[in-house]
Structures are given as C-alpha cells and as structure tokens.
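The block underneath contains the structure these notes are about, expressed in structure tokens.
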Amino acid sequence: MVNSVIWGGKLRSSRTIKNKNKKNYIRYLLLTFLVIIPITAIISSVGVFLSVDKDKHINMPIPAFTPIDKSVNAFKYNFDIESKQLYRVELNKFDQYEAAEAQIASLKKKKLNGFIVKENGYLTAYGMFCNKSQADTAVEFLKRRKVSAVAVELKVSGISLQYSDIDKNLIDIAEAVDAVLVKIISEKSALSLESLYSDKQMGDQSLQTIIEQEAKLYKYMNYLKEIKTSEVNAEYKSNLEALISEVLVDKLEANESYDYYSLQNSLMNQGGALMRFYEKLSI
C-alpha cells in the first residue's frame, strides 16, 4: 500500500515536470518565431542593402549593347579607313577609241606598253604606281624614249562606318583586307619600276611576297562568307567580297615568269577596283 502511494506520487511529479517543460518549449518556440527570426531577417536585409549599395559604386557590370533599330544611329563604334593616293602616268586623251589604240600601237613599236582607260573619252596611260616618286621616275624614263607623259594623282576615298558588336568580325577583316591591298600595290609598284628602269630580272623573294599577300585575300574572302553582320552593314560586306574577287582576277601565280607589263596590268586593274570600291562608301 505504501509502495502504491509512493509510485503514484512519482507519476504525478513526472507529469508536472513534463507539463512544465512543454510550456517552456512553447514559450521558446513563440519567442523564436515572433522575435528572434524577424530581428535576424532585418539585420540580414540591412547587410545585403549596404553590400549592394557599396558594390554599385565600385564595380557594377555594364550591360551589353544591342541595337534597337536598324538605323546607323543605333551603333556605338566607329570604323575609319583614311584616304590614300595612287599615281597614274598618263599620256593623252582621245574622243575615239581608234585614236587611243593607235598610240598604244606606237608605244609597242618602241618596245613599251600602255593601257586604254575609258574615262571621259579614252585615256592612254603608261601605268599606275604607289607613290609620286615612282611615277615621276617613270615619266623621266618615257621622256628619254621621246614619249610625253605626266604623273597624275588619283585619290582613293576614305570610308567611315558605324557598327555594333555583331559587326566586329567584319571590321577586323576589312582592316586586314585594306592593309593587304596596300601591301600588294606597293610591292608591285616597286618591283615593276625596278624591272622597267634597271632592266633587271624580278626577284623571286619579291614575287613570293606578293603571292603570299594574295593568298591572304583568299582566306579573308572565305571568312567573309561565314560571318554574320547587322543589316546596316550587310551591303558593305557584300561590296568587300566583290572587291576581293575583282582584285584576285589579276593575281600572280607561283612558278611563272612576270614582266613589267603583267605587273602594271594588275596594278591598273587593282587600283581601279580599289577606287571604285571606296567611291561607293566614301567619307
């Protein structure tokens, strides 16, 4: 009987402790949800805000540019190619083709060559050169052969384009093509003048340099076919492809012999192609 009383007392005491512990747990739980969690959230928010506010003044990323419309004004970069000069050694101008043809025949009797250019009638020319010094040297050479000539400057217009990120590959190729064309014309001018004036055989190394530059043009033309451009500069891409194709019509081939006339013929054609190309897109 005594044991029963003691055991019953222990049970009541255990229930009292459990109830007390349960009430304390509920209090702590309410305290966590109502006080601690909101305070922690506020502290975190303030920290994030301060962090963002600090970063925003230091290293905020710049958004990529995307043109909204198709007009030139939608583009943020500028691309310029400066104007350049070529020099043509000119002989006479004729109204009739037959008269121009007769002068070219007269030149051939003196073992000289010339070209007929359809330009405000028919112009006879001895050749084209990269700089005035070369052209003046050719004029002096002709004077010794009793042929009257004059060096005339031909301006190759510069261009200015506006473009966006999508056109960057196009611009890289355009710069490379322009540099190669200048190199080719410069090399051919020097080589043809040397062959003409000193009557020396053309050096293999110089010819190889020209052939290597022309091979680069082939690669650039293939690149152009694969790249994407904006609609605004699609015409420029098309014209650039056409220029390369026209220039390569008179390309030099390895393991062949070249004379002054063949080099001057390609110079006349390539110089003319260059001028026509930049006239369409002049500054």
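A short reminder: the numbers here are calculations on the coordinates, not readings from a lab. Quick caveat: nothing in here was measured; it's all calculated off a predicted structure. Note that each Cβ is placed from the backbone with ideal geometry, even for glycine, and that neighbours are counted across all protein chains shown.
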Ranked M128, M268, criterion: other C-beta atoms within 10 Å, fewest first: M268, M128
Cα-centred dipole magnitude for segment 124-237, charges only on beta-carbon of K, R (+1) and D, E (-1), debye, nearest 20: 520
What are the residues whose amide H is under 5 Å from the amide H of L154, where those residues sit 5 or more places off or on another chain and H is modelled from the backbone? L86, Y87, R88
